[in-house]
1. Of all residues in the range 72-83, which are part of a loop (DSSP other than H, G, I, E, B) and open to solvent by 80 Å² or more (accessible area, probe 1.4 Å)?
2. Condition first: over 20 Å from SER145 (Cα atoms), assigned to a loop (DSSP other than H, G, I, E, B) and of a type in the set (S, T, N, Q). Now tell me which residues in the range 84-100 satisfy that.
3. Contact list please: Cβ distance under 7 Å, first residue in the range 204-222 and within 17 Å of SER125 (Cα to Cα), second residue outside any helix (DSSP H, G or I) and among the basic types (Lys, Arg), pairs at least six apart or on different chains.
Amino acid sequence: ITRNITAYVNASGTVSITPAQVNNGSTDNCAIDSMAVVPNVFNCSNLGANTVTLTTYDRSGNFRSATATILVLDTVRPLVITQPIAIYVNAAGTAQLQPSSVNNGSTDNCSIDSMWVVPSVFNCSATGNNTVQLFVRDSSGNIASAFANVQVIDTIVPFVFTKSDTVYLNSAGTALTTAVRINNGSSDNCYIKQISVSPSAFTWGNIGIITVLLTVEDSSGNVASAPALVYVLDTIAPTILTRPVTVY
């Protein structure tokens, strides 16, 4: 007489059963000498229902067999191992993180079915250190997770666009230009931190065409520059002062 049982694979992915586990009160008119069950060792390839045969022997050598169903299950969760990683935002200011990038040899007693990481998409607001969670699911649906550090980095320099400017010396003989006047729609994949122009102040000694440099720095410290022309003009007519004079 047999009974159906459930067996669970261990951390090594195997499980053994004994005749006593599937025996359900087998009897003999004299006495049972021994029992054997075949097969009695299972691994991950046997997950699900398996048929085994229980054979009983009495002391006279008589034997009889019956079958039972062994349901082999895996309830051991994967072992998740992570590693820190650095990723870089692209020209659109985004970065995609793959589970394999933070996985550091995660294992399972049977087999890993899938992995995913949360969050997996980053933008410029995530520049710096971020904590993500790597999830691992095995072929039996057992899920485990672990955390990892992801450093999001922006190494793309800004795009600098300039335009020429015309400035006029004032009554003191000086003139100024600004970064706003020279900038012509400079952009960055993330955020522009500051824009400056050098030189920005001129005197009568600069009358003519002067080359200036527009410099753009983004929020990650990436810097780019481009030249521009500034036309320095003097349009103020002289002030004539006269005095009377006596000649002999």
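1. THR75, ARG77, listed by residue number.
2. The answer is ASN90, and nothing else.
3. GLU217/LYS193; ASP218/LYS193; SER219/LYS193
The values are calculated or read from the model by the stated rules, or taken from the named source; none is laboratory data. Since this is a predicted model, take the numbers as computed values, not measurements. Every residue, glycine among them, receives a Cβ derived from its backbone with ideal geometry; neighbour counts consider all protein chains shown. Note: accessible area is taken over every heavy atom of the protein model, side chains too, but ligands, DNA and RNA are not part of it. Shrake-Rupley method; radii C 1.70, N 1.55, O 1.52, S 1.80 Å.
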